[in-house]
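The values are calculated or read from the model by the stated rules, or taken from the named source; none is laboratory data. On a predicted model such as this, the values are computed, not experimentally measured, just so you know. Virtual Cβ from ideal backbone geometry, glycine too; neighbours counted across all protein chains shown.
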Amino acid sequence: MHKVISLTLGMLTCMAASTAVAQGDTAPSLYKSRWGVSAELINFDPDIATANGISDSGFGIGVGYAGEKGLFNFNIGASFFIIDDEDEFSQRVENDWTGDESTEDSSIDAGSIYIDGGIQLPLSESGNFVLGLNAGYRYFDIDRGITYCSDCYSENVDIESTTYLKPFARFGFSDAISGTLAYYSYNGDKGADNSLQFSVDWNF
């Protein structure tokens, strides 16, 4: 989970720098960019979820950056998921500040980062309705442990990183704000089946 947080912070810094460069260019450009926030429902293979002691679905929130030029588009983002721990354990912990001891239950820490690119086709003259298809890669970092405990016992959850196909539809609410509905179809038998994501984006 710490790896996802570190990578997310680095990714946001790089995206902010690229946006500043694009906005500082005085020459006309067809490149467009968007920042967004998203909500997501992810589904896992039931057998793999059961073997790992987690729910077969989870809810995520995330942030992302998207760019487009002509028919090409790409997306970079990060999400953090809430997944029920169905095989939780308990551990005695001591508060570093007060010295008080308590028994805490485990929970699932889950995050991911992703990148994809592909083609898009405007279906309206204004460009306010777009359909597209992207291919990408998603890195998952999921484990079971005691939250905010640095030296407690923890376990990896065997949901592997994987490639995916992502059909999507984007529609403009105004010149500044758009929404995107995307379906992630994950490849192989690595734990994640599919997810449905909706994002609200601010256009630059």
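Looking at this structure, is ASP158 in a strand (DSSP E or B) and closer than 26 Å to VAL93 by Cβ? Spelling it out, it is not the case that ASP158 is in a strand (DSSP E or B) and closer than 26 Å to VAL93 by Cβ.
Yes or no, residue by residue, for (1) within 16 Å of ASN75 (Cα to Cα); (2) exposed (fewer than 15 other Cβ atoms within 10 Å of the Cβ); (3) in contact (Cβ under 8 Å) with a residue 40 or more places away in the chain:
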residue	(1), (2), (3)
PHE89	no, no, yes
GLU94	no, yes, no
GLU101	no, yes, no
ALA110	no, no, yes
ILE119	yes, yes, yes
PRO122	no, yes, no
VAL130	yes, no, yes
LEU133	yes, yes, no
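Within the range 180-191, the set of residues being surrounded by 14 or more Cβ atoms within 10 Å (Cβ to Cβ) and either free of Cβ contacts under 8 Å to residues at least 24 places away in the same chain or assigned to a strand (DSSP E or B) (or both) comprises THR180, ALA182, TYR183, TYR184, TYR186.
Say whether the condition of being in a loop (DSSP other than H, G, I, E, B) and not β-branched (Val, Ile, Thr) is met by at least one residue in the range 66-77. Checked against the condition, which is being in a loop (DSSP other than H, G, I, E, B) and not β-branched (Val, Ile, Thr), the range 66-77 yields at least one hit. Counted as qualifying within the range 95-150 are the strands (runs of 3 or more DSSP E) with 2 or more residues that are at pLDDT below 95 and more than 27 Å from TYR164 (Cβ to Cβ), namely 101-105. Taking PHE81 as the residue in question, decide whether it is surrounded by fewer than 18 Cβ atoms within 10 Å (Cβ to Cβ), modelled with pLDDT of 95 or more, touching a Phe, Trp or Tyr at 6+ places or on another chain (Cβ under 9 Å) and in a strand (DSSP E or B). Against the criterion (surrounded by fewer than 18 Cβ atoms within 10 Å (Cβ to Cβ), modelled with pLDDT of 95 or more, touching a Phe, Trp or Tyr at 6+ places or on another chain (Cβ under 9 Å) and in a strand (DSSP E or B)), PHE81 does not qualify.
Exactly one residue among ILE177, ILE159, ILE115 is surrounded by fewer than 14 Cβ atoms within 10 Å (Cβ to Cβ) and aliphatic (A, V, I, L, M), and that residue is ILE177.
Note on the range 162-174: residues that are surrounded by 15 or more Cβ atoms within 10 Å (Cβ to Cβ) and either part of a loop (DSSP other than H, G, I, E, B) or in contact with an Asp or Glu (Cβ under 7 Å, 6 or more places away or on another chain) (or both) amount to 1.
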